[in-house]
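This report concerns only the one structure given below.
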Amino acid sequence: MKDATLGAYDVADLRELARRRLPRGVFEFFDRGNGDETALVENRAAFDRIKLEPRMLVDTSRRAQDISLFGRRHAMPIAIAPTGSAGLAWHEGEVALARAAAKAGIPFALATGSMTSLERVAAEAGGTLWFQVYMWPDRSLSHRLVERANAAGYQALIVTVDTPVPPGREYNLRNGMTVPFRFTRRNVTDVLAHPRWLATVLMRYLLTTGMPRYENYPTEMKARITAAPMGRSMMVTDSLTWDDLRALRKLWPHTLMVKGILRAADAVLAADCGADAVIVSNHGGRAVDSTRAPIAVLPEVVEAAGRRLTVLVDSGFRRGADVVKALALGAKAVLIGRATLYGTAVAGETGAARAIEIYRDEIDRLLALIGCPGVAALDRSFLALPTRE
């Protein structure tokens, strides 16, 4: 009889299992940060500075986690963040992860840089689907991609704005992992030392669709892209402005979100451009190093946004307690990235489902322990906040 827990009782367990299964280059690509990884460390430290203040003798026997987001009900206050490396964690990992999200009743965001096409994910996964887009130098190609997402039935568009150029991430250069994938002197030993990944992920691609590549890119762009280190092969542009957001607002008929906001003033500008929501994020510590943690910026953005915007947040959420703190600070939902990648790397859809279940259990238990009958009742009265220096 299989162990439904997969031997993982928290996200740290899933991370360790993923580390053992994946080549070092793949694991470090989605596990690590940028620069000296100061932002990565600060993302976690900021949660520790926020303390919980439980209430006693409160009936929590009917506690609930369901939320309403953009006119839809969801079973939990989390969504799956866009993570382009899911297809390297598991063969067609985007489909596995999207299916797990659909069955859990939470949204799934597909990344521009996925290894499975947006049309296939929509056809094979179902559920609430969001699409994340990076703007390219040729805006017409990006707009065509947005139109494809609309035609495929995606209900929301996420515009990532915090990476106008590829971040450094020197470890990717040292590890020699590239997209499109190719064998190099630096990675061949690493890959051969992980035969399960080689057999169940890379070889399956080779026997079906060829070396993993960005399947959402237009044909003419795929032909021009040569293998480059992970994180530096994605096409981005350093000429992105608020006018581009206004153009997307005219093009996209559904929910429009802006991801990568770290200033309250930028959230107001996003609202002025017609955005429906912002995602407070520092890209999980993978873009600008030495930023404030999104959980620390969140209250300022919530206050500035007022009723004009829905505010979501991501970066560094490893525990149900982290999610509870964000909701108490005014976030409507939390996007989870690395944790479900770990789960996907361990056991595909089953592993992703296990990661989601860990959050579900931790949130449920914590609501009872702090005397809160449901996520809808969370507010700042449950928190003791640090004073800003």
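Mind ranking 101-111, 195-205 by how tightly packed they are, going by the mean number of other C-beta atoms within 10 angstrom, highest first?
Working: 101-111: 23.5, 195-205: 15.7.
Per-residue Cβ counts within 10 Å, averaged per peptide and sorted highest first, yield 101-111, 195-205.
No solvent, one uniform scatterer per C-alpha: report log10 I(q)/I(0) for the stretch 256-326 via the Debye equation at q = 0.21 1/Å, two decimals.
So the normalised log intensities work out to -0.83.
Starting at 0 and stepping by 10 Å, how many percent of the alpha carbon pairs of the chain end up in each bin?
Answer for the chain: a P(r) of 5, 24, 35, 25, 9, 1, 0 percent.
Given 0.36 nm per residue, what is the gain on full extension from residue 368 to residue 20 after removing their alpha carbon distance, in nm?
Numbers: separation 348, 0.36 × 348 = 125.28 nm, distance 3.47 nm.
Going from the current span to full extension adds 121.8 nm.
Viscosity 1.567 mPa s, temperature 4 °C: what is the translational diffusion coefficient of the stretch 10-141 from Stokes-Einstein with a Kirkwood Rh over Cα pairs, rounded to a whole number of µm²/s?
Values: Rh = 17.7 Å.
It comes out at roughly 73 µm²/s.
Pick out, from 356, 205, 219, the residue whose Cα sits farthest towards the positive end of the charge dipole of the chain, with +1 on the Cβ of Lys and Arg and -1 on the Cβ of Asp and Glu.
205
Within 12 Å, Cβ to Cβ, of residue 121, how many net charges do the neighbouring residues add up to if Lys/Arg are +1 and Asp/Glu are -1? Working shown, then result.
Numbers: positive: 99, 120, 148; negative: 92, 94, 119, 124, 215.
Summing Lys and Arg as +1 and Asp and Glu as -1 gives -2.
Kindly provide the trypsin sites (Lys or Arg not before Pro) of the stretch 245-313 that DSSP labels as loop, not H, G, I, E or B, and whose Cβ sees at most 12 other Cβ atoms within 10 Å.
Details: sites: 246, 249, 250, 259, 263, 286, 292, 307, 308; in loops: 263, 286, 292, 307, 308.
Counting only loop positions with at most 12 other Cβ atoms within 10 Å, the trypsin sites (Lys or Arg not before Pro) in the stretch 245-313 are 307.
On the accessible surface of the stretch 74-141, probed at 1.4 Å, how many percent belong to carbon and sulfur atoms? Display every interim value, and only then the final one.
Numbers: 790 of 1490 Å².
Ligands and nucleic acids excluded, carbon and sulfur give 53 percent.
May I ask for the Kirkwood hydrodynamic radius of the stretch 94-244, worked out over all distinct Cα pairs and given in angstroms to one decimal?
Working: mean 1/r = 0.0597 Å⁻¹.
Its Kirkwood hydrodynamic radius stands at 16.8 Å.
Around residue 269, under 12 Å between beta carbons, what's the net of Lys plus Arg minus Asp minus Glu among the other residues? Display every interim value, and only then the final one.
Details: positive: 246, 263, 308; negative: 243, 266, 272.
For residues surrounding residue 269, the net value is 0.
Let's see if you can work this out: charge +1 on each Lys and Arg Cβ, -1 on each Asp and Glu Cβ, no other charges. What is the dipole magnitude of the chain about its Cα centre, in debye to the nearest 20?
Numbers: 51 positive and 42 negative charges, 113 e Å.
It comes to approximately 540 debye.
Is the shape of the stretch 142-215 best called rounded, prolate or oblate, per the rule: a/c under 1.5 gives rounded, else a/b larger than b/c gives prolate, else oblate, with a ≥ b ≥ c the square roots of the Cα gyration tensor eigenvalues?
Working: a/c = 3.11, a/b = 1.54, b/c = 2.03.
Cα axes put the stretch 142-215 in the oblate bin.
Taking each pair of different alpha-carbon atoms in the stretch 85-160 once, compute 1/r for the pair, average those values, and report the inverse of that mean as the Kirkwood hydrodynamic radius in Å to one decimal. Don't skip to the answer; put the middle values down first.
On the way: mean 1/r = 0.0808 Å⁻¹.
Radius from the Kirkwood sum: 12.4 Å.
So, in nm, how far is label residue 120 from label residue 139 when the simple model puts each one 7 Å beyond its Cα toward the Cβ?
Simple spin-label model gives 3.2 nm for this pair.
Please list, by residue number, every one of the GluC sites (Glu not before Pro) in the stretch 265-350 that is coil in DSSP and has at most 12 other beta-carbon atoms within 10 Å. Walk me through the intermediate numbers first.
Numbers: sites: 300, 303, 349; in loops: none.
The qualifying sites: there are none.
Just subtract the alpha-carbon distance of residue 307 and residue 203 from 0.36 nm times their residue separation and send over the number in nm, one decimal. Please report the intermediate quantities before stating the final value.
Working: separation 104, 0.36 × 104 = 37.44 nm, distance 5.00 nm.
This chain segment gains 32.4 nm when fully extended.
Any idea how far apart residue 45 and residue 186 come out in nm if each label point goes 7 Å out from Cα toward Cβ?
2.9
Give, rounded to the nearest 20 debye, the magnitude of the charge dipole that the stretch 263-368 has about its Cα centre when Lys and Arg contribute +1 at Cβ and Asp and Glu contribute -1 at Cβ.
On the way: 13 positive and 13 negative charges, 29 e Å.
Here the stretch 263-368 has a charge dipole of around 140 debye.
Answer with one residue from 79, 136, 58: the one whose Cα lies farthest towards the positive end of the charge dipole of the stretch 1-158, charges on Cβ with Lys, Arg +1 and Asp, Glu -1.
Toward the positive end, the furthest listed residue is 58.
Hey, what did the chain get for relative contact order, percent, Cα under 8 Å, at least 6 apart?
Working: 811 pairs, mean separation 108.8, N = 389.
Relative CO of the chain lands at 28 percent.
Using only the Cα atoms of the stretch 62-108, each taken as one equal point scatterer with no solvent, compute I(q) by the Debye sum, divide by I(0), and report log10 of the ratio at q = 0.19, 0.22, 0.31 Å⁻¹.
Each listed q maps to, in turn, -0.63, -0.76, -1.10.
Magnitude of the Cβ-charge dipole of the stretch 84-240, K/R +1 and D/E -1, about the Cα centre, nearest 20 debye?
Dipole of the stretch 84-240, to the nearest 20 debye: 440 debye.
Counting only other residues whose beta carbon sits under 10 Å from that of residue 317, what net charge do I get with K and R as +1, D and E as -1?
On the way: positive: 44, 318, 319, 325, 338; negative: 314, 322.
Local net charge: +3.
The values are calculated or read from the model by the stated rules, or taken from the named source; none is laboratory data. Source: prediction; values computed, not measured. Note that we place each Cβ from the backbone using ideal geometry, even for glycine, and neighbour counts take in every protein chain shown. All accessible areas refer to the heavy atoms of the entire protein, side chains included, with ligands and DNA or RNA removed. Shrake-Rupley method; radii C 1.70, N 1.55, O 1.52, S 1.80 Å.
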